[in-house]
Amino acid sequence: MSELLREIGMISRALEDISNKEFKELHLNKGQYVYLARIVEHPGIINDSLAECTRSDRTSVAKSVKNLEKEGLVRKESDVENKKIRRLYATNKGVDLYQILAREERYSEKKAIAGLTIKEQNQLLSLLKHVNQNVTDDWLYVKSGKKRTY
C-alpha cells in the first residue's frame with residue numbers, strides 16, 4: 001500500500017478514534033456525530049443523500065439515524081409533496097450538541113494544520129479535494145456494482 005494512503009488513513013482513524021472517545025459521554029455511538037453534523041448543516045436531507053455525502057452505506061446510515069432519533073437529537077418529517085420521502089431535521093437538543101461537535105472539529109483542524117502557512121493550508125485543501133474527487137469517482141463506480149481493474 002502506498003505511503004500516501006497510509007498517512008491519510010492514519011490521520012482519519014486517529015481523528016475518528018478521538019471523536020468516538022470524546023463523544024461517548026454525549027451518548028453518540030461510533031461515527032454518529034458525523035451524521036448529526038450533516039443533518040444540522042443540511043436541514044431536510046434524506047437518508048440516501050446523507051449516505052452519499054458521508055461515503056457510508058445506506059444500512060449504517062439508517063441504523064445511526066434511528067439511534068439519533070431515540071436520543072432525541074433528530075426527527076423525521078414527511079416531505080410536503082411526496083409523503084414517502086422522510087426528511088431529517090435536528091431537534092433543539094441536536095443543534096445544541098452540534099455546537100460541541102463544531103468546537104471539537106475546529107480544535108482538531110487547528111491542531112492538524114499547526115505549523116503550516118496559509119499558502120500550505122490552501123495547497124493541502126486543494127490537493128485533498130482533488131484526491132477526494134478521484135476516490136469518489138471510484139467509489140461511485142464500485143457502488144454501482146462494477147469492479148475496478150487493478
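See the values below:
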{"read-out": "Some residue of region 136-149 being assigned to a strand (DSSP E or B), over 19 Å from the mean Cα position of the chain (by Cα) and small (Gly, Ala, Ser)", "value": "no"}
{"read-out": "Identity of the residue in region 60-79, surrounded by fewer than 16 Cβ atoms within 10 Å (Cβ to Cβ) and hydroxyl-bearing (Ser, Thr, Tyr), that ends up nearest to the chain's Cα centre (by Cα)", "value": "Ser60"}
{"read-out": "Index of the failed condition, Tyr89 passing every other in (1) within 27 Å of Ile11 (Cα to Cα); (2) part of a strand (DSSP E or B); (3) of a type outside the set (Asp, Glu)", "value": "(1)"}
{"read-out": "Members of region 1-35 found to be surrounded by 13 or more Cβ atoms within 10 Å (Cβ to Cβ) and either in the same structural domain as Val135 (by TED's automatic domain parsing) or acidic (Asp, Glu) (or both), listed by number", "value": "Glu16, Glu22"}
{"read-out": "Number of the condition not met by Asn82 [criteria: (1) surrounded by 10 or more Cβ atoms within 10 Å (Cβ to Cβ); (2) assigned to a loop (DSSP other than H, G, I, E, B)]", "value": "(1)"}
{"read-out": "Residues of region 61-78 satisfying the condition of being in contact with a helix residue (DSSP H, G or I) (Cβ under 8 Å, 6 or more places away or on another chain) and assigned to a helix (DSSP H, G or I)", "value": "Val61, Ala62, Ser64, Val65, Asn67, Leu68"}
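The values are calculated or read from the model by the stated rules, or taken from the named source; none is laboratory data. All values reported here derive from a predicted model rather than from experimental measurement. Cβ atoms come from the backbone with ideal geometry, glycine included; neighbour counts cover every protein chain shown.
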